[in-house]
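Enquirer: Sharing a structure with you now.
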Ligand code: FE
Ligand code: FE
Ligand code: ZN
């Protein structure tokens, strides 16, 4: 069975170039920022470039892409300017993604900055209702968070409450980040248990993408420090169990490991494909 594996790439030279680079590294999905991750505006619209990218994605049979919202986007913030940016950024990003239909748009739900988890959840829910008030070809994904500072979304219950509040089944889902859930306290040695819990609390039909990362920190550290696959506290066994799990392996897997070059990602992706083929052939 075909697996969709890729990494987070820079959009520097445009979309078509990004697809070409992904192909070179053996990827058949990828993630990217539509704008500077620390804020700023989206790159100028280049319809021709997007059209060419789309043709190549089809030609090379890519799985869905997983675009990433800027880190500074915080719909649970307290400052007027922060909230205004969140509205503008997601609206513009979703407009742009209409040129790459069928993509995912992943975002960090937000930090309540001392206003309390309940207010945070309410702000994020109201925000998503505004953002999803029109027909879109993109599914917006809430990312599972490590629980650093006042981050909302470090347990399945919080994400489930937001999804229930928004009540827009087809336009909302979840992206599970292995580093984040490990640092939030979930034990990846028991992936079956985690998925059962996910299913009971959120529903596995909402799980649309995986961020496949190792972690520099022990379980429950809540610091959010990614590590190269196999070199952190999660380790190869659990990473491969996630990648080859029958309830997960159809999903797009995105690496956000601290690689310095795209060649590095190519090597990690090749190793993942090799290890997963080996494990899957032994299970037959
Ligand atoms: Fe993220
Ligand atoms: Fe992530
Ligand atoms: Zn992270």
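Enquirer: Short version: what are the Cα gyration tensor semi-axes of the chain, square root of 5 times each eigenvalue, largest first, in whole Å?
Expert: 27, 24, 17
Enquirer: Please compute the modelled spin-label separation between residue 115 and residue 44, points set 7 Å along Cα→Cβ, answer in nm with one decimal.
Expert: Calculated label separation equals 3.7 nm.
Enquirer: Right, next: What percent does the relative contact order of the range 4-283 come to when contacts are Cα pairs within less than 8 Å and at least six residues apart? The partial results should precede the final answer.
Expert: Numbers: 551 pairs, mean separation 48.4, N = 280.
That works out to 17 percent.
Enquirer: Moving on to the next point. Given 0.36 nm per residue, what is the gain on full extension from residue 2 to residue 170 after removing their alpha carbon distance, in nm? The partial results should precede the final answer.
Expert: Working: separation 168, 0.36 × 168 = 60.48 nm, distance 2.44 nm.
Contour length minus Cα-Cα distance gives 58.0 nm.
Enquirer: With r as the distance between the Cβ atoms of residue 187 and residue 270 and R0 = 35 Å, compute the FRET efficiency 1/(1 + (r/R0)^6) and round to 0.05. Walk me through the numbers before you get to the answer.
Expert: Values: r = 28 Å, r/R0 = 0.81.
Once the sixth-power term is evaluated, E becomes 0.80.
Enquirer: If packing is taken as the average number of other Cβ atoms within 10 Å across a peptide's residues, how do 252-259, 171-178 rank, most packed first?
Expert: My ranking of the peptides, most packed first, is 171-178, 252-259.
Enquirer: Another question about this same structure. How do 156-169, 202-215 rank on mean C-beta neighbours within 10 Å, highest first?
Expert: Final packing ranking: 202-215, 156-169.
Enquirer: A further question on this structure: Between residue 134 and residue 84, what is the FRET efficiency for a Förster distance of 22 Å, r being their Cβ-Cβ separation, to the nearest 0.05?
Expert: Numbers: r = 19 Å, r/R0 = 0.87.
Efficiency at R0 = 22 Å is approximately 0.70.
Enquirer: Whole Å is fine, so just give me how far the alpha carbon centre of the range 248-284 lies from that of the range 102-123.
Expert: Each part's Cα centre sits 30 Å from the other's.
Enquirer: Cα centroid distance between the range 205-222 and the range 173-200, in Å?
Expert: 7
Enquirer: Then there's this: Using just the helices of the chain, give the 222 nm mean residue ellipticity in deg cm²/dmol: DSSP H runs with n ≥ 4 each add -39,500 (n - 2.57), and the total is spread over all residues, rounded to 500. If you can, show how the numbers build up before the last one.
Expert: Details: 9 runs with 117 residues, N = 284.
Estimated from H runs of four or more residues: -13000 deg cm²/dmol.
Any read-out appearing in this document is the output of simple, stated calculations on the displayed coordinates, not a laboratory observation. For clarity, every value in this text was computed on a predicted model and none was experimentally measured. Methodologically, a virtual Cβ is constructed for each residue, glycine included, from the backbone with ideal geometry; neighbour enumeration extends over all protein chains shown.
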